[in-house]
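Engineer: Please find one structure pasted underneath; my questions will follow.
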Amino acid sequence: MHKTRPQHLAWHETMEMHELTAYQSNQLIHFKMVVDDVSNPQLKALYKEAIKSVEHNLKELLQYFPQAPQGTRNSSLGIDLTPFYAGQLLGFAKTAVRTYAIAITETATPKLRETLQRQLNAAIQLHAKVFYFMLENGYYPSYDLPKLLANDVANANKALSL
């Protein structure tokens, strides 16, 4: 007996798609903002390659958003960069938490471990503060999947249009 597959993505894969799209959109905006400041020709070429690669990734990922479990899409492009800056800071804090956690598992020196644990706790606190700032201001509607995915689509399209 063959069961038919649902006509939408699973919730867990939708959330992973959201994380990838949000992260890459913020990085793409940042790369495009700084590429002209890079003076080394080889590094500038690497930035341009990264920009093209991330643009390609976003275009591919955007094709799956209509298959998300539910929701409407909003493609309006705003000029307020507060959500972008907040997303940058949230991405930094999230990466810092993960990086500290990994570093602690590789630490043999007790004093260094204590230092890393203090810094990990500070990174966790920063992440929480930035997350709640974004949630309270409607920049990261994490409890409303349709709005969350609509924000991803809008941010990816904004990044692609720069």
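Engineer: Within the stretch 22-40, can you find the residues that are farther than 19 Å from TYR140 by Cα and either among the hydrophobic types (A, V, I, L, M, F, W, C) or touching a residue at least 40 places away in the same chain (Cβ under 8 Å) (or both)?
Structural biologist: Of everything in the stretch 22-40, those that are farther than 19 Å from TYR140 by Cα and either among the hydrophobic types (A, V, I, L, M, F, W, C) or touching a residue at least 40 places away in the same chain (Cβ under 8 Å) (or both) turn out to be PHE31, LYS32, MET33, VAL34, VAL35, VAL38.
Engineer: Mind listing whichever residues of the stretch 11-45 are modelled with pLDDT of 85 or more, of a type in the set (A, V, I, L, M, F, W, C) and over 20 Å from GLY91 (Cβ atoms)?
Structural biologist: VAL38, LEU43, ALA45
Engineer: Next question. Just to verify a result, which residue in the stretch 116-156, among those that are modelled with pLDDT of 90 or more, polar (S, T, N, Q) and assigned to a helix (DSSP H, G or I), is farthest from HIS56 (Cα to Cα)?
Structural biologist: GLN117
Engineer: Given the structure, is ALA123 hydrophobic (A, V, I, L, M, F, W, C) and more than 18 Å from PRO83 (Cα to Cα)?
Structural biologist: So ALA123 fits the description; yes.
Engineer: In the stretch 35-73, what count of residues is obtained for those that are among the basic types (Lys, Arg) and surrounded by fewer than 13 Cβ atoms within 10 Å (Cβ to Cβ)?
Structural biologist: 2
Engineer: A follow-up question, please. Criterion first (open to solvent by less than 60 Å² (accessible area, probe 1.4 Å), more than 14 Å from the chain's Cα centre (by Cα), closer than 23 Å to ASN157 by Cβ and of a type in the set (Lys, Arg)) does LYS32 satisfy it?
Structural biologist: Yes, satisfied.
Engineer: Still on this model: It is to be established whether one or more residues within the stretch 141-155 are out of contact with any helix residue (DSSP H, G or I) (no Cβ under 7 Å at 6 or more places or on another chain), under 27 Å from ILE51 (Cα atoms) and of a type outside the set (A, V, I, L, M, F, W, C).
Structural biologist: Yes, the stretch 141-155 contains at least one residue that is out of contact with any helix residue (DSSP H, G or I) (no Cβ under 7 Å at 6 or more places or on another chain), under 27 Å from ILE51 (Cα atoms) and of a type outside the set (A, V, I, L, M, F, W, C).
Engineer: Turning to a different aspect of this structure: Which residues, taken from the stretch 97-131, are within 23 Å of LEU148 (Cα to Cα) and either surrounded by 16 or more Cβ atoms within 10 Å (Cβ to Cβ) or touching a residue at least 24 places away in the same chain (Cβ under 8 Å) (or both)?
Structural biologist: Selection gives VAL97, ILE124, LEU126, HIS127, VAL130, PHE131.
Engineer: Continuing with this model, one more query. Given the structure, is LYS158 at negative phi and loosely packed, with under 15 Cβ neighbours inside 10 Å?
Structural biologist: Against the criterion (at negative phi and loosely packed, with under 15 Cβ neighbours inside 10 Å), LYS158 does not qualify.
Engineer: Out of the residues in the stretch 132-141 meeting the condition of being under 15 Å from LYS94 (Cα atoms) and among the hydroxyl-bearing types (Ser, Thr, Tyr), tell me which one is surrounded by the fewest Cβ atoms within 10 Å (Cβ to Cβ).
Structural biologist: Here the answer is TYR132.
The values are calculated or read from the model by the stated rules, or taken from the named source; none is laboratory data. What you are looking at is a predicted structure, and each value in this text was computed from that prediction instead of being measured. All Cβ positions, glycine included, derive from the backbone under ideal geometry; neighbour counts span all protein chains shown. Ligands, DNA and RNA are stripped out before the accessible areas are found, and what is left, the full protein with its side chains, is counted by its heavy atoms. Shrake-Rupley method; radii C 1.70, N 1.55, O 1.52, S 1.80 Å.
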